[in-house]
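Since the structure comes first, as structure tokens, the remarks are kept for the end.
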Amino acid sequence: MNKKSGTSKAAADKLVKTIRRKTRQTYSSEEKIRIVLAGLRGEETISVLCRREGISESLYYSWSKEFLEAGKRRLSGDTARQATSPEVKELRSEATTLKECVADLTLENRLLKKSMTGAGEFEE
């Protein structure tokens, strides 16, 4: 009987972890920045801030570290950044257009080679 209750406890723990993982709140970058800046202002303690926002202190400190490191990289001249969604869509569209252009030119080139050799086989 003891073995069976241990198995059901493990299953229950697994179920609880799964539920917590699926219902975990995600924070946007703006929310993270707002929380980190509130902590940096020092108007209230980090523990009170974290309790009010419903996050752990370790999560706050990891966000704070990422925030400060990103600012440090930016100020030191590292201007590389992540592309925004519209930029990615535009670049993909341009790449597709260029691929179609290359395909058209390749086909035209092959047709011209065939017409020049006359035999239907083109020489390379």
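Values quoted throughout were computed directly from the atomic coordinates according to the rules given, and no laboratory measurement underlies them. All values reported here derive from a predicted model rather than from experimental measurement. So basically every Cβ, Gly included, is an ideal-geometry build from the backbone, and we count neighbours across all protein chains shown.
Taking a ≥ b ≥ c as the square roots of the eigenvalues of the alpha-carbon gyration tensor, the range 84-124 is classed prolate because a/c is 1.5 or more and a/b outweighs b/c. Label positions at residue 66 and residue 90, each projected 7 Å from the Cα along the C-beta direction, are separated by 2.6 nm. Here the label points at residue 38 and residue 13, each 7 Å from Cα along the C-beta direction, are separated by 3.4 nm in the simple model.
The charge dipole of the chain, taken about its Cα centre with unit charges on the Cβ atoms of Lys, Arg (+1), Asp and Glu (-1) only, comes to about 1320 debye. Using only the C-alpha atoms, the convex hull of the chain corresponds to 282 Å³ per residue. Just name one of 47, 68, 97: the one whose Cα is farthest towards the positive end of the charge dipole of the chain (beta-carbon charges, Lys/Arg +1, Asp/Glu -1). The residue sitting farthest along the positive end of the dipole is 47. The stretch between residue 113 and residue 83 holds 6.6 nm of extra length on full extension. This uses 0.36 nm per residue minus the Cα-Cα distance.
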